[in-house]
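Before any comments, here is the structure.
The values are calculated or read from the model by the stated rules, or taken from the named source; none is laboratory data. As the structure is a prediction and not an experimental result, all values here were calculated from the model. Cβ: placed from backbone, ideal geometry, glycine included. Neighbour counts: every protein chain shown.
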Amino acid sequence: MHITAGKYKLRKIKTLKSLRVTESRIKNVLYSLFKDLIKDKSVLDLFAGSGAVGIEALSWDAKEAFFVDINPKAVSLVKKNLSALGLLGSAQCFVKDAIRAVKEFRRKKTEFDFIFLDPPYNKGLLIKSLKTLEAYDIVKNSGFLVCLGSYKEPVQTELPCIFERRYGDRIVRVFTHPTTDNRAER
């Protein structure tokens with residue numbers, strides 16, 4: 001797998017065979033939506049896996065990225081990928097359940113400009129994570145919540161959806177904080 005855009009474009013990152021990979025076309029869509037908005041912003045990559053989405057954000061000049069995954073092997077891999085690119089100083093990695101992590105970020109008053117959410121599909125984690133993110137509100141007022149998921153998995157949220165597009169069996173949805181006036185192209 002490789003980084004699709006930004007200053008680390010075409011640099012390789014490793015993944016575990018057991019992890020679902022975010023395809024280049026999905027990362028290209030995210031880049032086209034956010035390339036002008038992500039510079040100097042804070043990013044949370046929940047269900048990080050290999051860290052591909054958060055590392056892409058750093059490649060696009062995000063200020064910092066936080067990576068959360070419950071799998072210790074995945075977090076170890078994220079750290080190796082960050083180290084190989086010289087990005088450890090711009091990142092924090094946590095072996096933690098995503099729901100607990102969100103609650104802890106709220107308790108510590110840590111908020112993010114971008115939250116990328118790509119949980120295992122069709123296990124109810126997407127809806128549970130969205131409900132937790134709504135309740136604990138760690139998205140900055142001008143921020144975005146980006147959900148990657150199976151098109152078969154329903155999403156129920158009060159957050160305003162500003163972008164939704166299907167790519168094969170995957171769907172990308174972008175939500176904003178209810179108080180923001182940010183708009184992405186549809």
Legend entry - Matching residues, segment 116-155, being more than 13 Å from Val172 (Cβ to Cβ) and among the β-branched types (Val, Ile, Thr): Ile127, Thr132, Ile138, Val139
Inset, instruction - Quick one: in segment 42-53, of everything that is of a type outside the set (Ser, Thr, Tyr) and within 19 Å of Tyr121 (Cβ to Cβ), which residue is surrounded by the fewest Cβ atoms within 10 Å (Cβ to Cβ)? - result: Phe47
Inset, instruction - Take the residues in segment 119-142 that are among the aliphatic types (A, V, I, L, M) and either assigned to a strand (DSSP E or B) or under 15 Å from the mean Cα position of the chain (by Cα) (or both), then tell me which one is farthest from Lys41 (Cα to Cα). - result: Leu125
Legend entry - Only one of Lys109, Lys79 that is of a type outside the set (S, T, N, Q), without any contact (Cβ under 8 Å) to a residue 40 or more places away in the chain and not in a helix (DSSP H, G or I): Lys109
Legend entry - Top-ranked residue of segment 82-106 - restricted to ones that are touching a residue at least 12 places away in the same chain (Cβ under 8 Å) and of a type in the set (S, T, N, Q), ranked as farthest from Tyr31 (Cα to Cα): Gln92
Inset, instruction - Determine if segment 162-177 includes at least one residue that is farther than 21 Å from Glu23 by Cα and out of contact with any strand residue (DSSP E or B) (no Cβ under 6 Å at 6 or more places or on another chain). - result: no
Inset, instruction - Please verify whether segment 103-122 includes one or more residues that are polar (S, T, N, Q) and within 26 Å of Ile162 (Cβ to Cβ). - result: yes
Inset, instruction - Tell me, yes or no, whether segment 83-94 has at least one residue that is surrounded by fewer than 16 Cβ atoms within 10 Å (Cβ to Cβ) and more than 21 Å from Leu58 (Cα to Cα). - result: no
Inset, instruction - Specify the residue that is farthest from Phe144 (Cα to Cα); the eligible residues are those in segment 95-113 that are touching a Lys or Arg at 6+ places or on another chain (Cβ under 7 Å) and surrounded by fewer than 20 Cβ atoms within 10 Å (Cβ to Cβ). - result: Ile99
Legend entry - Hits in segment 1-19 (condition: within 25 Å of Pro120 (Cβ to Cβ) and either out of contact with any Gly (no Cβ under 8 Å at 6 or more places or on another chain) or surrounded by fewer than 16 Cβ atoms within 10 Å (Cβ to Cβ) (or both)): Met1, His2, Ile3, Thr4, Lys12, Lys14, Leu16, Lys17, Ser18
Inset, instruction - Taking the residues in segment 34-50 that are at pLDDT 95 or above and not in a loop (DSSP other than H, G, I, E, B) as candidates, determine which candidate is farthest from Asp97 (Cα to Cα). - result: Ser42
Legend entry - Residues satisfying the stated conditions in segment 86-106, i.e. outside any helix (DSSP H, G or I) and touching a Leu at 6+ places or on another chain (Cβ under 8 Å): Leu87, Ala91, Cys93
Inset, instruction - Give me a count of the residues in segment 42-62 that are within 17 Å of Gly89 (Cβ to Cβ) and of a type in the set (Asp, Glu). - result: 2
Inset, instruction - For segment 151-169, enumerate the residues that are modelled with pLDDT under 90 and either assigned to a strand (DSSP E or B) or acidic (Asp, Glu) (or both). - result: Glu153, Glu158, Tyr167, Asp169
Legend entry - Unmet requirement for Val53, which otherwise passes all of (1) outside any helix (DSSP H, G or I); (2) within 12 Å of Phe114 (Cβ to Cβ): (1)
